[in-house]
Every structure is written in structure tokens, then in C-alpha cells.
1. Any residue in region 213-225 that is charged (D, E, K, R) sitting within a Cβ distance under 8 Å of a residue that is assigned to a loop (DSSP other than H, G, I, E, B)? List the pairs, counting only those 6 or more apart or interchain.
2. Can residue 217 be described as modelled with pLDDT of 95 or more and either within 16 Å of ligand 2 (Cβ to nearest atom) or assigned to a loop (DSSP other than H, G, I, E, B) (or both)?
3. Kindly provide the set of residues from region 191-212 that are aliphatic (A, V, I, L, M) and not in a helix (DSSP H, G or I), ordered by number.
4. Being more than 13 Å from ligand 1 (Cβ to nearest atom), surrounded by fewer than 16 Cβ atoms within 10 Å (Cβ to Cβ) and within 27 Å of residue 220 (Cβ to Cβ) narrows it down to one of 46, 81, so name that one.
5. Quick one: would you say residue 99 is under 30 Å from residue 259 (Cβ atoms), more than 12 Å from the chain's Cα centre (by Cα) and surrounded by 15 or more Cβ atoms within 10 Å (Cβ to Cβ)?
6. Give the residues of region 23-32 that are touching a residue at least 40 places away in the same chain (Cβ under 8 Å), surrounded by fewer than 22 Cβ atoms within 10 Å (Cβ to Cβ) and more than 18 Å from the chain's Cα centre (by Cα), sorted by residue number.
7. Answer yes if at least one residue in region 110-124 is under 28 Å from residue 214 (Cα atoms), more than 16 Å from ligand 1 (Cβ to nearest atom) and in a loop (DSSP other than H, G, I, E, B), and no otherwise.
8. Check off (1) surrounded by fewer than 18 Cβ atoms within 10 Å (Cβ to Cβ); (2) more than 16 Å from ligand 2 (Cβ to nearest atom); (3) in contact (Cβ under 8 Å) with a residue 24 or more places away in the chain for residue 106 and give me the number that stays unchecked.
Amino acid sequence: MSNVSVTKDAGRPEPAPSGLVVLDNVNKHFGALHVLQDIDLTIARGEVVVVIGPSGSGKSTLCRTINRLETVDSGHIAIDGKPLPAEGKELARLRADVGMVFQSFNLFAHKTVLDNVMLGQLKVRKTDKQQAEQKARALLDRVGVANQADKYPAQLSGGQQQRVAIARALAMDPKVMLFDEPTSALDPEMINEVLEVMQQLARDGMTMIVVTHEMGFARSAANRVVFMADGRIVEEATPDQFFSNPRSDRAKDFLSKIL
Ligand code: ADP
Ligand code: MG
């Protein structure tokens, strides 16, 4: 142990930050708007982090920078020790490694449910067709929609479509899953069926970053809550600490409005 202990003796290099997802001093502007400000965030393998904060605080932009749907102006992002690739096949593989589930389900409308879950496996992972189908059917079963495999997305309920979107992301064997308000567009009676799939994923050890206002999910599934406001991480705490004893005025104000 002694030769790996972390000390801060003068002249000794700081250990490299370890974590599956590491954001190091990330900044991003949209024109004059400084949408991400000095974001430092390290997410460990298997950790479930819930990101909350007022509308416009930069939560979606944060998610989108992690799979490079948005570029950053400065700072560094690494997944599993590797910086984000800029383009090409490397970028496609990164997007597969970082599964993303959006508020709008974003399934391919002209493909069947089964094809939606097979497509990335065939194109990006180069899985053979039989294997891809087997895996797709197993995942559709896991999220509870095995009997919808041959339908088109529009024939499914919102909750079913969102579960297909989760299966599609899982088909790529992602290292981390990002969820950006996955239940915000759903009718109330469908929210739980999606949250339950996410709960199960968390229990299975998936590394997850979840933007949500579902505080029940945050309390039961999250290892950590990250509270954002005005493009900054204002506060980080365990769900218990955060909900019972928020430190910042911004968080207190936000919680008083949603709880
Ligand atoms: P949140 O998800 O927390 O609601 P967003 O990350 O979507 O916040 O947006 C943060 C801010 O950035 C908002 O003020 C939003 O209007 C602005 N914004 C987001 N995307 C763009 C874009 N593509 N171009 C310009 N402004 C944007
Ligand atoms: Mg958003």
C-alpha cells in the first residue's frame, strides 16, 4: 500500500484522476452564453449520478458534451482513460460506448423495434446478424417489450418506446449510460415502467448519469446528486445529504419549488 499512497510532497506528481468519465475544467459557450463553466466531474465505474437543476442550467449540454454531440471550448473529457475522439469511426465507437437516452425517444420510425435494436450492433459493432437478433430479443425481453419486436415505434406507447430506446443503447454494450430527462415526455402512468428498468440497470452495476426531476429515483438509485445552476456545479452530495440538508441557497430554493 505504501508505494501507492497519495501524498502531496513537494515535487511528487499528482496521481492522474481516475474514473470512467472524467471532465476536467470544461467550458462551453453558445455565443455570449457561458453554458458550462469550469466543470470538474469524475464518475467512477458503477456509479449512478443524478444531475438536477433548474431549466437552462446546462444539464443537457453537459450530457451532450460527454458523447461529443457538442464540442467544448476548453478543458478535457475522457472516457475510460481516453480523450474523446474528434471524428470518424473512433467517434462512432465512442457514441456506442456512451449510450444515450433522450426525452424524445428518437427511435428510427421506419424500422421495426427489432431492427432498431439490431442496427447499431450490425453497423458499428459489426456483430453478425443472427447474434445481433438474439441479443436484441434478449434485451427487449429484459426491458419488458419482447412481444413488440415486429411493430413500428409509432404503434407503441411512449413508455414502451423509451424502453426500446434503452434496449437499443444497451445493445452496444456501453461503458456508461446517459439519460437526459427520460421520463419528462411520458404520461404519468408510464413513468414508473421506465424508472423500474433504470433501477434494475443501476442494481446491475451500470455506470449511469441521469438528468431527472424524479426525486424518488434519485433517492433510491443515486450514489451522488450533482446540482447545477447557471452552467456551474453548485453542489454535490449523497441523495440523503442533498435532500435533507442542501447547503447552497440555490439548491434550497430549487428544492422548495419541486418538493
Ligand atoms: P438544461 O438541460 O439544464 O435545461 P441546456 O443545456 O439545454 O439546459 O441549456 C443551457 C442553456 O444553453 C440554455 O440557456 C439554452 O437556451 C442554451 N442552449 C442550449 N443549446 C443551445 C444551442 N444549440 N444554441 C444556443 N443556445 C443553446
Ligand atoms: Mg435539458
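The values are calculated or read from the model by the stated rules, or taken from the named source; none is laboratory data. Predicted model, so just to flag it, every value in this text is computed and none were measured. Here the Cβ positions follow ideal geometry from the backbone for every residue, glycine too, while neighbour counts run over all protein chains shown.
1. 214/183; 224/47; 224/238
2. No: the conditions fail for residue 217.
3. Restricting attention to region 191-212, the residues satisfying the condition of being aliphatic (A, V, I, L, M) are 191, 194-195, 197-198, 201-202, 206, 208-211.
If the condition is that a residue be aliphatic (A, V, I, L, M) and not in a helix (DSSP H, G or I), then 206, 208, 209, 210, 211 are the ones that fit.
4. Working: 81 fails: within 27 Å of residue 220 (Cβ to Cβ).
Unique residue meeting the criteria: 46.
5. So residue 99 does not fit the description; no.
6. 25, 27, 29
7. At the first step, the residues of region 110-124 found to be under 28 Å from residue 214 (Cα atoms) are 113, 116-117.
Applying the additional criterion that residues be more than 16 Å from ligand 1 (Cβ to nearest atom) yields 113, 116-117.
Among the residues that remain, those that are also in a loop (DSSP other than H, G, I, E, B) are: none.
No: region 110-124 contains no residue that is under 28 Å from residue 214 (Cα atoms), more than 16 Å from ligand 1 (Cβ to nearest atom) and in a loop (DSSP other than H, G, I, E, B).
8. For residue 106, the exception is condition (2).
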